[in-house]
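Every number in this text was worked out from the coordinates using simple rules, so none of it is lab data. Model, not experiment: these values are computed from the prediction. Every residue, glycine as well, gets a Cβ built from its backbone with ideal geometry; the counts of neighbours run over all protein chains shown.
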Amino acid sequence: MKQQDEKLSLLLDDDTEADINAELGEVIADVNLQYRMRRYQIIGAAMRNELAQAINTDFHHQVMANIRAELPPVAMRDSGSETARNSAIAFMARSWFRPFAGLTVATSVALVTVALWQQQDPAPKDDLASADQQKIEQLAGQQIAGGAEPVSSRVQSPGTRWKLEHESPVLQRKLNAYLVNHTEYSNSMQGLIPQARVAGFDAEQ
Amino acid sequence: MGTNLLDAELVKRVQAGDTAAFDILVQKYQHKVINLVGRFVADHAECQDIAQDAFIKSFRAINSFRGDSQFYTWLYRIAANTAKNYLASRARKSPGYTVDVEDAEHFEGESRLKEYDNPENLLLTEEIKATIFAAIEKLPEDLKSAITLREIDGLSYEEIADVMDCPIGTVRSRIFRARDVIDKELRPLLE
């Protein structure tokens, strides 16, 4: 025991001839050696008149508690174990790899976006385009039954929109074409318009 | 003061993810750092907070420490900068410590004062100092000289051996025996 304490004294003064790593391992593993080391530090500090007016015996506990609170659980490692070393290497590798990982993710996202865009929006062939156009024209020509009355209780008159639609079939067709076209490309069930009806948007109040 | 092999080894361990090694560094330098901060900030409770902050900052930045300087030089620089930044930020703020007597109970700073500067701590510290100096006084002259040359003058073992004209092994033994005698007196106070 005395021998170990003497080794601790030498370790503190950087005068150890033994394997410093092994001795340090002993200190970290033995709480009594740590207490003794702390008392040796207090002796030195008192002799150099470095002691604070009130010693906070929990100072290092408070520092370490703050540090542990900051660290993610994976970063908390025991002293010197193989797992700790492997985790440390993994951590450093992660730090080194982080910028490249970000770049890789960004590139992947860009590639996937381009691929999806190309799949969803292939260059339309003329016949397909004209068939679509015909379908749109046909559907646009039909009257959409129901749901055309304003639902707002505050709006007493049908509003100008309906007047415009009746008076201007071109505008009505355009609007219908837009709605049909939108439905075609929306993710909802075919023929169902997913959004809520806008009521009284043009009410003159 | 030696080549600080211990510090280098501790830093290496911390950089490898061993937080327990940083605990040893905190224990080793806490008095010096608090003392250094005390040169910038008079209030003891604030000193403790700033010193804690400095240690936490140094832990966060330890991977950037490449060993070009001694660890304690690097740590002291962080502590001094932390204290200066604290003073600068305090100067920018309005005088926040003017509180009514009635509000003092709920004043944030008051709890810190309670934590560090309570009468028990002040008394304990006085007792620790008195015990250490009394124990040093009682030491045989050779042990007293050895520990004084080491702790106060900061001489290496080789230098102490030269000064005391004795083998280095004797110096090692004298310093340890001096510490051991003082520790026996000090230990009951800190348990």
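Inter-chain neighbour count for B:24-37: the average number of beta-carbon atoms from partner chains within 10 Å of each residue's beta-carbon is 6. Considering helices alone, the calculated mean residue ellipticity of chain B at 222 nm is -24000 deg cm²/dmol, with DSSP H runs of length four and up weighted by -39500 (n - 2.57) and normalised per residue.
Note on B:50-62: average number of Cβ atoms from other chains within 10 Å of each residue's Cβ is 3. Note on B:PHE40 and B:SER69: the extension gain reaches 8.1 nm, defined as 0.36 nm multiplied by sequence separation minus the Cα-Cα distance. Modelled spin labels at B:ILE168 and B:GLU141, positioned 7 Å past Cα toward Cβ, are 2.7 nm from each other.
Structure note, pairs A:LYS7/B:LYS28; B:LYS12/B:LYS84; B:LYS84/B:LYS129: Cα-Cα distances above 23 angstrom occur for B:LYS12/B:LYS84; B:LYS84/B:LYS129.
Across peptide B:138-148, the average count of Cβ atoms from other chains found within 10 Å of a residue's Cβ is 0. Hey, quick one: spin label on B:ILE62, modelled 7 Å out along Cα-Cβ, who in segment B:20-34 has an amide N within reach, i.e. under 17 Å? In segment B:20-34, the label zone of B:ILE62 (backbone N under 17 Å from the point 7 Å along Cα→Cβ) covers B:20-31, B:33. Residues B:TYR86, B:TYR29, ranked from the fewest to the most other C-beta atoms within 10 Å, line up as B:TYR86, B:TYR29.
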